[in-house]
1. 222 nm [θ] for the chain, helices only, -39500 (n - 2.57) per DSSP H run of 4+, per residue, to 500?
2. Between [x] 53, 36, 26; [y] 46, 38, 32; [z] 54, 36, 31, which entry matches Cα extents along the principal axes in Å as derived from the coordinates of this structure?
3. Could you check the spin-label model distance between Arg187 and Leu23? Points 7 Å from the Cα along Cα→Cβ, value in nm.
4. Using 20 Å as the cut-off for backbone N distance, which residues of segment 49-87 belong to the label zone defined by a point 7 Å from the Cα of Arg99 along Cα→Cβ?
5. What distance in nm lies between label points placed 7 Å from Cα along the C-beta direction at Arg3 and Thr166?
6. Between Thr129 and Ser60, what is the label-to-label distance in nm when each label sits 7 Å out along the Cα-to-Cβ direction?
7. Using θ = phi - 60° and the Karplus form 6.51 cos²θ - 1.76 cosθ + 1.60, what ³J(HN,Hα) does each residue of segment 50-58 get, whole Hz, x for Gly and Pro?
Amino acid sequence: MIRDEIVAHGRELAGPLGPLGSLDEQERRTDEWLGSIDADAVDEFVDLVAHPPSATELGSVDPDVFAQVVPELLCRFAELRADDAVPRLAAQLARVEPRRAAARRAAAEALGASGSAAALPLLTDHLVTHPDLAARDGIAVVEAIAELDASGGAAALATVRDALATRPETQPVRRRIDELLAERDARA
């Protein structure tokens, strides 16, 4: 049932706004809906990233647009309800089978969006424990860590970079860490 709700809401967001709607109203309705659904929805959001709906379920909605909307909804859910979302996202992040790469990236992004200090060790431990993940996955994790800067993200990035220094296959991830730290320093 919640999957159907997510698909319906995602279709609404992926489609045109309509003549009587406003972005503020759409955002208010989305936040209200996200606040009302069960925490189990995290698993359904991630599953929809891993297994997108069929063209029949999407109707006239562009699948590529829908594929962008679902992770955004997951991030907003994590931001609004971090206490509910973080443990479930951690479980999703831990599922490292290759066919779930997009779902894992969405879980990492949502952990970063949560703003929760509890997400920081989950992300850093994941990256250090699984340095063999594809560069794209590792970069998604370090970008999520950078979003948690107020919770110590910059220090965590430096620690992760040092932990990965002896692994040549992590060079793209370490390069992204250096870029993120340089961007942070430029803003300071």
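No value in this document is a laboratory result; all are computed from the given coordinates. Only a predicted model underlies this, so the values are computations on that prediction, with no experimental measurement involved. Every residue, glycine as well, gets a Cβ built from its backbone with ideal geometry; the counts of neighbours run over all protein chains shown.
1. -23000 deg cm²/dmol
2. The calculated read-out lines up with [x].
3. The modelled label-to-label distance comes out at 2.0 nm.
4. 49-55
5. 4.4 nm
6. Inter-label distance under the simple model: 4.7 nm.
7. 6, 9, x, x, 6, 4, 5, 5, 7
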